[in-house]
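The values are calculated or read from the model by the stated rules, or taken from the named source; none is laboratory data. Everything numeric in this text was worked out from a predicted model, so none of it was measured. Please note: Cβ atoms are built from the backbone with ideal geometry, for glycine as well, and neighbour counts cover all protein chains shown. For the accessible areas, the whole protein counts, side chains as well, though only heavy atoms, and no ligand, DNA or RNA atoms are used. Shrake-Rupley method; radii C 1.70, N 1.55, O 1.52, S 1.80 Å.
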Amino acid sequence: MTRFAVYDIAKDYMRHADGSHLTGGEITLATLLSGAAGGIVGNPAEILNVRMQNDQSLPPYMRRNYKSAVHGLVAMVRDEGVRSLAIGLAPSLVRATLATASQFVSYDTFKEWLLNAGYPDSVSVHFAASFAAGLVATTVCSPADVIKSRTMAALRSQQSSVAGVRIRPPSLWHTCWSIYRSEGLRAFFKGWLPSYARLCPQLVITFIIYERLRKSYFAQYN
């Protein structure tokens, strides 16, 4: 929701007085702003999601045992400080920006192609465009998803220590190089199929609802 709201606000702010279309640079700026906003707002929830899913794979003495999202959030701030909410923020921002750009730009592009081909602006066009956008977005975001998940699964934040030894999570580039060196290029696309199976229905439903709202509810504000 954050990404959609910021994307529309940014486009409205940059709208040309003569009614001409936004330039490629202006659309890129809108996607960057909306992606960054979405990444910052959603980062704590992403950390909790990754940690709670990864918890059972850890030895019992290393598990966090979060009872719920709220309990996990409180425990993170209490045990690791407020800065723990920013663990993995860099790959999260990269991923959110790539997701926004690949989803919004590819959807608008595919939709315009279909409309220019003579198809009416209907639910079927929105379905086809969002389906194709899912392919693009999944492929573009897969490497960032792998890097983000591994970074957020780190045991401690930068301010944590074990047995008096301060632990610093590896940098973004070190994580990339480590994955490539040990597992090869294909490792960045692990889980592509389940990611697409998750993202495609989400995009189809989201864009269809978004188009309906834009034509009905939002139209009165334009």
Summing +1 per Lys or Arg and -1 per Asp or Glu among the other residues with Cβ less than 15 Å from Ala5's Cβ gives +1
For Ala129, what is the net charge nearby, where nearby means another residue's Cβ is under 13 Å from its Cβ and Lys, Arg count +1, Asp, Glu -1? -3
Relative contact order, percent, of the chain when contacts are C-alpha pairs under 8 Å separated by at least 6 residues? 19 percent
Give me the dipole magnitude in Debye, nearest 20, for the chain about the Cα centre, with unit charges on the beta carbon: positive for Lys and Arg, negative for Asp and Glu. 960 debye
How would you rank 136-147, 203-214, highest first, on the average number of other Cβ atoms within 10 Å across their residues? 136-147, 203-214
Does the stretch 1-124 come out rounded, prolate or oblate, given a ≥ b ≥ c as the square roots of the eigenvalues of its C-alpha gyration tensor, rounded meaning a/c under 1.5 and, failing that, prolate meaning a/b above b/c? prolate
Net charge of neighbours whose Cβ lies under 11 Å from the Cβ of Ile179, counting Lys and Arg as +1 and Asp and Glu as -1: +3
To the nearest 10 degrees, how steep is helix 24-54 against the longest Cα principal axis of the chain, on a 0 to 90 scale? 40 degrees
Reachable aspartates and glutamates from Lys67, Cα under 20 Å, same-chain residues fewer than 8 places away excluded? Glu46, Asp55, Asp79, Glu80
Of the accessible area of the stretch 1-96, with the probe set at 1.4 angstrom, what percent is carbon plus sulfur? 64 percent
222 nm [θ] for the chain, helices only, -39500 (n - 2.57) per DSSP H run of 4+, per residue, to 500? -22000 deg cm²/dmol
Residues of the chain: accessible area per residue at 1.4 Å, in Å²? 59 Å²
For the residue pair Val123 and His16, what label-to-label distance in nm results when each label sits 7 Å from Cα along the Cα-to-beta-carbon direction? 3.5 nm
At 1.4 Å probe size, with no ligands or nucleic acids counted, give the accessible surface of Lys215 in Å², nearest ten. 100 Å²
Which order do Ser149, Ser216, Ser102 take by accessible area at a 1.4 Å probe, largest first? Ser216, Ser149, Ser102
Sequence-distant aspartates and glutamates (8 or more away, or on other chains) whose Cα lies within less than 12 Å of Lys215: Asp121
Work out how much length Thr109 to Thr28 would gain on full extension: take 0.36 nm times their residue separation and subtract the Cα-Cα distance, in nm to one decimal. 27.8 nm
One finds the C-alpha centres of the stretch 26-59 and the stretch 97-113 to be spaced, in Å, by 19 Å
Can you give the angle from 0 to 90° between the axis of helix 192-215 and the longest principal axis of the chain, with both taken from C-alpha atoms, to the nearest 10? 40 degrees
Heads up, I need the accessible area for His126: 1.4 angstrom probe, whole protein in place, Å², nearest 10. 10 Å²
